[in-house]
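Working notes, beginning with the structure itself.
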């Protein structure tokens, strides 16, 4: 009995854990794979990451959603060990990233936002080279099969299309068969078909038990893939929840978009802003804002609101044009929280 | 596992350098073309016939007959003169060998015991071999004809009538191609190694270094493996160049190969570290390339790669003294042309200065280089 206990003990204690640094409490308690506490990064006067905290559970797809410049890449790079934070701590599998950089890097896979590779090495040679950096690596053939690039093994990076290069970058992220994978904006610049191929791959990876952390500014990507999302804006997390939970924040079941025109005047001249206050009082309306040249009306009973809206328009002599309704999205959530769109 | 990573990065480095056509052309290509151009355009030893000096101190019918026979040989170009004249000509490199027929040659020949004194140029083993073979065959013919004459007369043939006394003369005849070759090796090492800084800056700019930073590969392993890969490439190119010079133009490495390889290695490392310094202070790859080129061209011409700088104007002297390639070229010449080995003080001075450059450049570049 004593001998098996010894075996168990030595199996669990990794050399890194013996170093004098804290084993993350959350790791023990909640089985969080990644734990980020009050992470801060400054560049001179500019704060790129501002007191960011979140936890990522084992086996989930975690998304960091935000517009360009929000600090998503910086946050990810701190977790990947290629940037050091000015404040706060980050833990991966209970290991402090700052102090156990190499140990962390051995168990994670990383796809950077733009991956440039050695132009003088073929695809297969690159995969083999990166594989040699880890104790165990998958063969180039296995990796190429995973990302559907088998026929490009002998190609040089310059001869690959944008989508193919992204797939190669993904293959590189999987070279050590990691259980935790970081993807930085994996579908930016991809055509729709490649995007969906990548989404399928990510979902497949989760099915295999991997934990995925991805950043994106596409709300459909976040909504489709992620189990949990942290919305980042100007370096700070402004909301964190499941996609359903975040959308639920709006309290609306639908969003109505339409143009309101006064007679022959253009929609802008109709001064939508002037009518918004009144629109907000319409039945079941939870919120109303002005878009580019249209009104955005959030409601939790679309039928009621529509009827009331038509009456309202005819009362005020307005014509309704280009009427659309859609289910609320994360874009709407971001709009509500910041007054700006994700893509601006 | 770090050995595996280092090894993989080393082989990847070798593969990448092998495929870098621009690098191969500017280093080995340039040096090879220079050697071929200068070697073929300016050959002073184009004659395929052996220049043979003949000193006739006997002046008998035997010696005249012998000399006539030699002159008929199309592989020989016979010059006649006094001993002092011909041996001087041998020293000056104008003769491949000198045969002296001493005063009593004719008489001794009739008696069956004649000797010939032969002087060879030993500094050129190939020339010496040719001369040796030629003279041996002359004497063999002579002995054979003597034997047949003797047996025709019914007498007992002596095994050999003429024996050779051979003496080697050390001749230092330096052709232009001999002088040029070490300079070309030095220049090749410069071109092959100075651009390493630009390469690293390019990797940083393109985000390759960042991608590598996300792996467990240590920066030390990255740098070390690339240094080793470049060194391997430089030495290989240098040996190829020397092989071409040796095979095509009969250039010889008179000194020790160990000293040669050690000097080439130290020279490569010094130039590599200077390349790192350039990379440390250049922001972009094109700036680093520009600086490398700006340094390479004057260094190529002012450090004695193509022509001697002994008679350069006084104001250039400090510049020449400041260039590390000047010392590398000098050390290479000492070894290749003058037969120095690692114990030669002339070589020590050069190697010390190269080592000093290496240390300073290494310190500077490790402090200043930005990895991200």
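Quick note: the coordinates plus some simple rules give every number you see, no bench work behind them. Model, not experiment: these values are computed from the prediction. No Cβ is skipped: glycine too gets one built from the backbone with ideal geometry, and neighbour counts run over all protein chains shown.
The mean count of C-beta atoms from other chains within 10 Å of the C-beta of residues in A:81-87, rounded to a whole number, is 2. The label-point distance for residue A:278 and residue A:98, in a model that sets each label 7 Å from Cα toward Cβ, rounds to 5.8 nm.
Mean-square fluctuations from a GNM of chain B, with a 10 angstrom spring cutoff on Cα atoms, peak among B:70, B:231, B:180 at B:70.
Under the criterion of Cα pairs below 8 Å and six or more residues apart, the relative contact order for chain B equals 19 percent.
What is the mean number of Cβ atoms from other protein chains located within 10 Å of the Cβ atom of each residue in peptide A:117-123, rounded to a whole number? Don't skip to the end; give the middle numbers.
Details: counts 4, 10, 6, 9, 4, 2, 0.
So the per-residue partner count for this stretch is 5.
Placing dummy labels 7 Å off each Cα toward the beta-carbon, the span from residue B:74 to residue A:337 is 9.7 nm. Dividing the summed -39500 (n - 2.57) terms of all DSSP H runs of n ≥ 4 by the residue count of the protein assembly as shown sets its mean residue ellipticity at 222 nm at -16000 deg cm²/dmol.
I need to check one value: relative contact order of chain A, counting alpha carbon pairs closer than 8 Å and at least 6 residues apart, in percent.
Numbers: 641 pairs, mean separation 58.6, N = 344.
It rounds to 17 percent for chain A.
Ranked by the mean number of other Cβ atoms within 10 Å per residue, highest first, peptides B:286-293, A:328-335, B:189-196, B:233-240 order as B:189-196, A:328-335, B:233-240, B:286-293. Arranged from fewest to most other beta-carbon atoms within 10 Å of their beta carbon, B:320, B:335, A:279 become B:320, A:279, B:335. Each of B:203, B:11 has some number of other Cβ atoms within 10 Å of its Cβ, and from fewest to most they run B:11, B:203.
Under a Gaussian network description of chain A, with springs only between Cα atoms under 10 Å, the residue in A:179, A:286, A:242 that fluctuates furthest is A:286. Within 10 Å of the Cβ of each residue in B:204-210, the mean number of Cβ atoms contributed by other protein chains is 4.
Can you give me the relative contact order of region A:187-327 as a percent, contacts being Cα pairs under 8 Å and 6 or more apart?
The normalised contact order for region A:187-327 reaches 22 percent.
Look at B:165, B:132 and count the other Cβ atoms within 10 Å of each Cβ; fewest to most, that gives B:165, B:132.
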